[in-house]
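Remarks on the structure that follows.
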Amino acid sequence: MQQSLTNENFITVIPHLAFPNLKHPVCLEIKKLRYWNEGQCEHSVTEETIELFLRNAQLYNVSIYPEQPELGCYAMDGEIQPEKGERQVHEIFYKGHLIYRHS
């Protein structure tokens, strides 16, 4: 059964310069957002959590680990030590709409 666009529980992320030799960037489907809010760090993707995530994105760099997309997308000030290389996020799409672009 295909998921309804109104209940889309993921964002699509394009890492910044993660794949410089490709004509088309690789898109990663992300189901976790990580930022501090009310003592919680990990959040599922919903319209409400995205709104708070984007507020954090104004304060901190937005990052992702292309080799480990299951870790989610980060917008927080902290001591994150990835096992694989961290990449800055270039663009984020939700329900087919661009919601974030690194300036």
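The values are calculated or read from the model by the stated rules, or taken from the named source; none is laboratory data. Just so we're clear, the structure is a prediction, and the values are computed from it rather than from any experiment. Every residue, glycine as well, gets a Cβ built from its backbone with ideal geometry; the counts of neighbours run over all protein chains shown. Areas reflect the complete protein model, heavy atoms only, side chains present, ligands, DNA and RNA absent. Shrake-Rupley method; radii C 1.70, N 1.55, O 1.52, S 1.80 Å.
The set of residues in region 51-103 that are in a loop (DSSP other than H, G, I, E, B), at pLDDT 90 or above and open to solvent by less than 30 Å² (accessible area, probe 1.4 Å) contains only 72.
Considering only residues that are loosely packed, with under 14 Cβ neighbours inside 10 Å and over 13 Å from the mean Cα position of the chain (by Cα), which ones fall in region 37-50? 38, 39, 40, 47, 48, listed by residue number.
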